[in-house]
Structure formats: C-alpha cells, structure tokens
Amino acid sequence: MKYCKKCLQPDTRPGIKFNEDKICYACLYEEEKKKIDWETRKKELIEITEWAKEKSEENCAPYDCVIGVSGGKDSTLQAIYAKEKLGLKVLLVNCEPDEITEVGKHNIENLIQKGFDIIKMRPNPQIMKKITKDAFYRYGNPVKPSEYPLWASAYIIALRFDIPLIIQGENAALTLGVVNTGLGTDGNAVNVNEGNTLAGGNANDWVSDDISLRELYMYQFPDKEEIKKKNIKAIYLQYYLKEWSTIYNQDFAIVRGLLGRSTESLYDLGRYRRFSSVDSDMQILNQMIKYYKFGFGSTTDQACCDIREGRLSREDAIWLVEEYDGKCGDKYISEFCKYINITVEEFWNVTEKFINKKIFNKDIRTGKWLPKFKVGEDFDE
Ligand SMILES: [Zn+2]
C-alpha cells in the first residue's frame, strides 16, 4: 500500500493512477486547474445551454435539461445553477433510496420548493431489498444496486421525453483521480456509468432465479447508441465551473436550506463533515466495509480533498483519518441487518470475508480487525 506524497490517497483505490513522482492524479488535476482558462470553459457552457434551448424547441420537448438529484449539496447547486444562472427549463429526476433518512426527505423537498418540476422514480423495494442482500454477500457492497437506477434515471427520462441535455455534477476521474476507468477526463458525461461502482455494468448483473430482466427496467442504463442517435448531450457541471468544490457547494446549499447530520457523533459517521451521504445510512456502513477492503474510507476522501484545496496539512489530515476513518455506529449496522434480515453476527461473518488480510490483522483478544499499516506511510503488503 503506497500513498500519494501530497495527499493521503492510497494506491489501493480501484482505477487510481500515480505519476512517476508518486503523486496521484487528483492532486495533479488540482495543479492543472490553475492553468485552466475558465472564461473559455464558461463560454462553452453557455454555448451548450443555447444549443439545448434551441434543440428542445425543435424537438417540442417539455424541458431543456434533466438533472438527477438527491437533494444533497452537489445536486442542489446543479439544479439552481441550471435554472437561475443558465436560464434552462429544468426537469429534476429523483431516485429515492430505500430507508431514506428524515433529513434526506427534508433536503429533496427543500430543493423542489425552490420551484422545480420533478419525477420521482423508485424501483420496487422488494426487489431492491433482495439484490441489496445479494450485493452484500457477493461484493461486500450493499449500496451497489441502488447506484444503477440512480445513474440510469436521468438518461432514461431524457430519452423518453426527447430532452436534449443532461447535467451531471462531478467527474470522479478528475476529483478522485480514477483516470484508469472509462469515465473520460473531460466535460462529457455520457460514460458516467463507467465509474468504479457500476464499471459499465447493466441490469443483467442482478438477474437471478427469482428476478427477471423485465423487472429491472430502472436498473438498465440506456443504450449509448440510442443516446447518440437522439443527439442527447450529457455534461459534468464541475468541468465548467471554477467555483465548484465540496465546500463551495456545501455553503451554496446550506444557505438555501440544506440540512446535514447535525446531531450524530463523528465516530458513528466515520467522517468529519456532516453534509455528505445525508440521505442514506447504508452509505455510512458501506464506507466502513470499503475501509476494510482498501484501507481507506470516507474520512480519507474528505481529508484528501481538504489537503488539495489548502484547508488542511497532511499531518493534521493523518490525525483525522486515524481518528474517524472506518468507523460506523452500531445502530447503522443493526438497521442494515434488520433491513436484509440477517443477524449482526452473520453481518460480521460476511464482512470478514472481504477484509483485506494483507493490510489488516485480527486482534485475538478483542476480535477486532486492526490496520497493519500506518496512515500516510508506505507499507509493503
Ligand atoms: Zn494526491
């Protein structure tokens, strides 16, 4: 396990790339950003906007663009920016997670109340529950199935209603440095389903003896050829906006009514920022499993971002990561066990199979899995 020399990005992240000086591509992008001609990018964005307005008129489409939203910080910015700043006629699409939190419900309603039409899509919860359990046992990743309809929904709706433009938020290839995926490193978001979680997967991934493909319509990312034929464009707003960052987006959304996880303990959340993954507790648990698989979780992701944007020294980031990363409140584990109907003991039996034994050791006395590595220091597995 090797770390980026600038931030705390480990080389265990799937799809990550480092240069010969052992700097990760997310840090390199941060440097590159300083050289970007943002005026030109903005002009490009305006051109796309104008094109979408003309095209929707030509198509007799009811909207200029579709935005998939959760009501979180990024989607709040995307929606309001598109409507107020770009003057687009926006249709929101929301794919509600199973077991949505109360704060999550508030945030999506808060966004709609800013003046939007919305289509809410919700895949059959009985099927979602089954494949969530399946994904936990097969991949040690219970949130994987929910990502399929989440990403597919905006593309499905754009195709059905002939809406010319889809506006996505950030391109993970740039912000996380996962350039070894099929995401591409520009503003084009047509390949958004090629990121780490979906990896180009399709609804077939969840077909089983008791679930047929016909029951998984919402999980199917539309055919790229069909998107191309209809001349639908998909863009990452982040690529065009100089001001886009975790903190900017968060502040933008908070003053417009976004709520975070204000009362929970940071040790239960496994992170030190309260405005990420607000709508689903399963995300917290998933970050803990990610930590045991790859040696890093949500705190590392947040700390890396803070180092790159100059808010945190590498040294202080190490302290935060050692303190909070990989933590998850017992209540989230019991909630999840109840949801997929297994015992907590079974949960740990399954999770243990996915723990990377090259970088974690089981403490015989306590039964806890402890890291062999030291955060920020290269470790020979
Ligand atoms: Zn880095």
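For this structure, a couple of remarks:
- When the residues of segment 6-32 are filtered to those that are in contact with a strand residue (DSSP E or B) (Cβ under 8 Å, 6 or more places away or on another chain), assigned to a loop (DSSP other than H, G, I, E, B) and closer than 16 Å to Ile359 by Cα, the one that is nearest to the ligand (Cβ to nearest atom) is Gln9.
- Filter pass, Thr181 being open to solvent by less than 40 Å² (accessible area, probe 1.4 Å) and either part of a loop (DSSP other than H, G, I, E, B) or assigned by TED's automatic domain parsing to the domain that holds Gln283 (or both): yes
- Residue check, Ile46 hydrophobic (A, V, I, L, M, F, W, C) and more than 14 Å from the ligand (Cβ to nearest atom): yes
- Restricting Phe275, Phe252 to residues that are crowded, with 18+ Cβ neighbours inside 10 Å and within 18 Å of Pro97 (Cβ to Cβ) narrows the list to Phe275.
- Residues (open to solvent by less than 20 Å² (accessible area, probe 1.4 Å) and within 21 Å of Ile307 (Cα to Cα)) located in segment 255-272: Leu269, Gly270, Arg271
- Residue within segment 72-87 that is among the aromatic types (Phe, Trp, Tyr) and not in a loop (DSSP other than H, G, I, E, B) present: yes
- Residue satisfying condition, being free of Cβ contacts under 8 Å to residues at least 12 places away in the same chain, open to solvent by 20 Å² or more (accessible area, probe 1.4 Å) and out of contact with any His (no Cβ under 7 Å at 6 or more places or on another chain), within set Glu99, Glu44, Glu57, Glu109: Glu57
- Matching entry among Lys53, Lys33 (being modelled with pLDDT of 95 or more and not small (Gly, Ala, Ser)): Lys53
- Members of segment 35-74 found to be among the basic types (Lys, Arg) and more than 25 Å from the chain's Cα centre (by Cα), listed by number: Lys35, Lys43, Lys53, Lys55
- Pairs where the first residue, in segment 72-94, is touching a residue at least 60 places away in the same chain (Cβ under 8 Å) and the second is acidic (Asp, Glu), C-beta under 6 Å, 6+ apart: Leu88/Asp64; Leu91/Asp117
- Check on Arg271, within 21 Å of Phe354 (Cβ to Cβ) and outside any helix (DSSP H, G or I): yes
- Scanning segment 347-373 for residues that are in a helix (DSSP H, G or I) and without any contact (Cβ under 8 Å) to a residue 60 or more places away in the chain gives Phe347, Trp348, Asn349, Glu352.
- Against the test of being of a type in the set (Lys, Arg) and within 16 Å of Asp162 (Cβ to Cβ), the options Lys89, Lys105, Lys85, Lys73 yield a single qualifying residue, Lys89.
- Taking the criterion of being touching a Lys or Arg at 6+ places or on another chain (Cβ under 9 Å), touching a residue at least 60 places away in the same chain (Cβ under 8 Å) and among the aromatic types (Phe, Trp, Tyr), the residues of segment 283-300 that qualify are Phe294, Phe296.
- Contacts under 6 angstrom Cβ, first residue in segment 113-126 being free of Cβ contacts under 8 Å to residues at least 40 places away in the same chain and within 20 Å of Arg160 (Cα to Cα), partner surrounded by 12 or more Cβ atoms within 10 Å (Cβ to Cβ) and among the basic types (Lys, Arg), 6 or more apart: none
Conditions tested, residue by residue: (1) in contact with a Pro (Cβ under 7 Å, 6 or more places away or on another chain); (2) outside any loop (DSSP other than H, G, I, E, B); (3) open to solvent by less than 50 Å² (accessible area, probe 1.4 Å).
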{"position": "Met288", "(1), (2), (3)": "no, yes, yes"}
{"position": "Phe296", "(1), (2), (3)": "yes, no, yes"}
{"position": "Gly310", "(1), (2), (3)": "no, no, no"}
{"position": "Glu323", "(1), (2), (3)": "no, yes, no"}
{"position": "Cys337", "(1), (2), (3)": "no, yes, yes"}
{"position": "Glu345", "(1), (2), (3)": "no, yes, no"}
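The values are calculated or read from the model by the stated rules, or taken from the named source; none is laboratory data. These numbers come from a predicted model, not from an experiment. Note: ideal-geometry Cβ built from the backbone for every residue, glycine included; neighbour counts use all protein chains shown. These area figures cover heavy atoms from the full protein model, side chains too; ligands, DNA and RNA do not enter into them. Shrake-Rupley method; radii C 1.70, N 1.55, O 1.52, S 1.80 Å.
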